[in-house]
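The values are calculated or read from the model by the stated rules, or taken from the named source; none is laboratory data. As the structure is a computational prediction, the values presented were derived from the model and not from experiment. Glycine gets a Cβ as well: all are built from the backbone with ideal geometry, and neighbour counts include every protein chain shown.
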Amino acid sequence: MRESSLFSNLTASSVVTATCILGLLYFGRDVLEPLALATVLSLVLAPLIRALRRVGLPRLPATLVSVLLAGACVVGVGTVLAFQLVAVTRDLPEYRAAIKSKIERVRELTERPFARLEAELSAVAPQSPVAPPPPVTVRRGTLTTSANQPLPVEIRAPRATTRDTLARLFSLAWGPIGETGLVLVLLVFILLEHESLRDRVIRLAGQAEISRTVRALSDATRGVSRFFLSQFVVNLTFGALVGVLLWAFGVPHALLWGALSGLLRFVPYVGIMVAGVLIAIFVAAIDPGWTMALSCLAMFVALELLVANVVEPKVYGQSSGLSPLAVIVSALFWGAMWGPVGLLLSTPLTLCLVVAGRHVRALEPITILLGDVPNVNVAQRFYQRILAGETHSIISDARSYLERHSFARYCDQILLPGISMAAAEQRTGHLESAQAAHLRTTIAEVAATLTPVSSEPMRKRRKGRVSLLDANVGAHLRQMREARLGRWQGSLDVPSRSIVLCAGLGTERDDLLTELLVRSLRELDVDARSVVVGADQDNPGPDKADLISTVFIIYPVEASLEQWTRVADELRAGLPNALLVTIRLPFGETAANQAVVQEHVDMVLRSFEESLAFVVPERTEA
């Protein structure tokens, strides 16, 4: 993964460029709106055109057929909705009494508490003097005030003729009709010039960036097409279910409300709320009571929660490529820039920017901030959570990981790379002593929790008390095992060549790696034990050497190569019948020359999983 910093690339020129782009987007909306809409629609229709071309149609007929099919679908749906809306407006007078009754009831419920509160406050508040009313005189049976007041004048607009009404409707519809025609023309030409436009973009990117540009265009096309296809299927199913359920509740015009629910769901978040409010208002208007309205609203909310939290994550998968927060932010941004059109296009436009950020370094911050998953691997997330003190989250995620994989893979993929990052920061002095102490405690707790060997959990240490954990995590974990299993970490009355020995030089690094390797092997019921070579410790006796089948010795760093070779030769002499294996892990440190190391061992492995594959088959055959 490339290291990227948003603030390191933030310069005065980049700020000016971003400001100019925002100004261009806002003030050039009249030109950019139809162009963006036509481009997104071309990506949506591209799979249909490819399917027709595979059937045998040339490009021009395939394009025209696709556009005509899409237009026919839009016109058909619009016609059905228009007739349904006319039917609803025709039936509204029948619901007028229920609507007035509901409005009065709601007003009473909302105004009564405030009126009571105002009365209570008026009772305790000091009364201000009230001005006397103006004198009233009676003249010839009429009431007038003594003050001279202007006569009220009522201005009435002239009655509109049919010609004026048609002209007003035509002026209102001309704008959307003209923009729709412009989008349609742009769509046809973009589809016809699709390959030519792609070649032009690749040519603009340069000869050196051909592969990256092709990948970016391909990812954007597939991403937007897959997203719209998934969204269309989900929203169509949602609208159909809403219509059927409303019909089952006895709601008139259920087809209209189901279709509106499915269509409004294309607008992120806002659309579904508008659909729910419209349905609730309509049902409340047609029903004298509140039971049907509340039931339909509860049904609508439950169905939306089910689709949003269960169905969409499974259907969409990686098709959206955006985090939920990014969808909201993009809707706010594009809605403020381009209004309703921007709100409708917010998700595909932002998706294209996120895809481009995976290939264009200048747009990489957009991908990091708005992508569906942060540009952080599991090891980096593990290390960041350690520094943040989120031990519980680390253990919870690790348990979920171990349901599918072994502890050895967890060490290879997450734990050891995270420890490697900590070691690198400690060598450069970026890791504080308090963070290093917390790191040791967390690693020990994770290892002890995931591979329980001790009969008792880790006890919280008293403040000020120094334990082995403060200096050496591996030695602390080994001490916990020895407290449970005995001084030899298990019985010596075992079959010949059944023990796997994990040896190290006694450094903090070697002790931790040997202990993690022991726990990885023990997870698969391998009788693994650890030892510090060269330390003053008891020897079970030379007759116990035949119990050992394999010795794993940690790969040396360059500074300790001489000591390591001496220890390896001692192990070879003391255990002549055992295989001597070393594991070279990618710790980012200066490792010893592998050619020198191979002269003293039988094999060099590169991961804990390779060690399991090396030991378990041999054990099975035995």
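Things worth noting here:
- Condition check for R487: in contact (Cβ under 8 Å) with a residue 12 or more places away in the chain, more than 24 Å from L402 (Cα to Cα), in a loop (DSSP other than H, G, I, E, B) and out of contact with any helix residue (DSSP H, G or I) (no Cβ under 9 Å at 6 or more places or on another chain): yes
- In region 322-333 there is at least one residue matching the filter, namely being at pLDDT 85 or above, over 19 Å from A259 (Cα atoms) and either surrounded by fewer than 19 Cβ atoms within 10 Å (Cβ to Cβ) or not assigned by TED's automatic domain parsing to the domain that holds L22 (or both).
- Filtered by the rule that a residue be of a type in the set (S, T, Y) and either farther than 22 Å from S196 by Cβ or in contact with an Asp or Glu (Cβ under 8 Å, 6 or more places away or on another chain) (or both), region 47-97 gives T79, T89, Y95.
- Selection within region 568-597 - among the small types (G, A, S) and either at pLDDT 80 or above or surrounded by 15 or more Cβ atoms within 10 Å (Cβ to Cβ) (or both): A568, A573, G574, A578, A591, A592, A595
- For G389, the criteria (1) modelled with pLDDT of 80 or more; (2) not assigned by TED's automatic domain parsing to the domain that holds G243 hold in every case but one, which is (1).
- T582 being under 17 Å from L512 (Cα atoms) and in contact with a Phe, Trp or Tyr (Cβ under 8 Å, 6 or more places away or on another chain): yes
- Every test in (1) in contact with a helix residue (DSSP H, G or I) (Cβ under 6 Å, 6 or more places away or on another chain); (2) among the aliphatic types (A, V, I, L, M); (3) modelled with pLDDT under 80 is passed by L369 save one, and that test is (1).
- Only listed residue being touching a residue at least 60 places away in the same chain (Cβ under 8 Å) and either aliphatic (A, V, I, L, M) or buried (at least 18 other Cβ atoms within 10 Å of the Cβ) (or both), chosen from F227, F300: F227
- Residues of region 600-622 satisfying the condition of being assigned to a loop (DSSP other than H, G, I, E, B) and either at pLDDT 85 or above or surrounded by 13 or more Cβ atoms within 10 Å (Cβ to Cβ) (or both): H600, V601, D602, R606, S607
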